[in-house]
Amino acid sequence: MGDYVDRGYNSIETFLLLICYKIKYPDSILLIRGNHESRQVTITYGFYEEIVKKYGNANPWKYFTDLFDYLPIGAVIDNKVLCIHGGLSPTISTIDQMKLLNRKIEIPTSGVMCGKLLLLKSLLILFILLLFYYIYL
């Protein structure tokens, strides 16, 4: 559910493995974009540096960050559970509105898809736990 990179020295290998799983099991794996899947955050928290150390130049970083722009910001599981890395703007009230967002861009600092909204992890975790409790218990 996002933040695949910037978590240690093997971020490249971790994300590449997830991409391979997505290719091998396209209907079973869904990668959701988190706030770390952006250019500015990968530079700040070490993914850029890891790539330059391992590959000797920043070209792979550009390819990774271009790919990040295509990751969806959310998913619906079994028409019951909405999965999002962080939060949503109060102006988004339906799944159809989420589908209309232009996600193929760098995460902006303001607006309906800003990085601040993608950082609300604790609220998301609480929401998911409550949802699972409600559905399965």
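The values are calculated or read from the model by the stated rules, or taken from the named source; none is laboratory data. Computed from a predicted structure; not experimentally measured. In this analysis, Cβ positions are derived from the backbone assuming ideal geometry, glycine residues included, and neighbour counts consider all displayed protein chains.
Take the conditions small (G, A, S), at pLDDT below 90 and farther than 20 Å from I84 by Cβ and apply them to G2. Does it pass? No: the conditions fail for G2.
Among the residues of the range 22-79, those identified as among the β-branched types (V, I, T) and closer than 12 Å to V5 by Cβ are V41, T42, I43, T44, I51, T65. Among the numbered conditions (1) exposed (fewer than 13 other Cβ atoms within 10 Å of the Cβ); (2) under 16 Å from the mean Cα position of the chain (by Cα); (3) under 27 Å from Q97 (Cα atoms), the only one that L67 does not meet is (1).
The set of residues in the range 1-32 being surrounded by 15 or more Cβ atoms within 10 Å (Cβ to Cβ) and either touching a Phe, Trp or Tyr at 6+ places or on another chain (Cβ under 9 Å) or more than 18 Å from Y70 (Cα to Cα) (or both) consists of Y4, V5, D6, S11, I12, F15, L31.
If a residue must be of a type in the set (K, R) and modelled with pLDDT under 85, how many such residues does the range 27-60 contain?
Taking the range 27-60 first, the residues of a type in the set (K, R) are 33, 39, 53-54.
Filter again for modelled with pLDDT under 85, leaving 33.
Adding up the residues that qualify gives 1.
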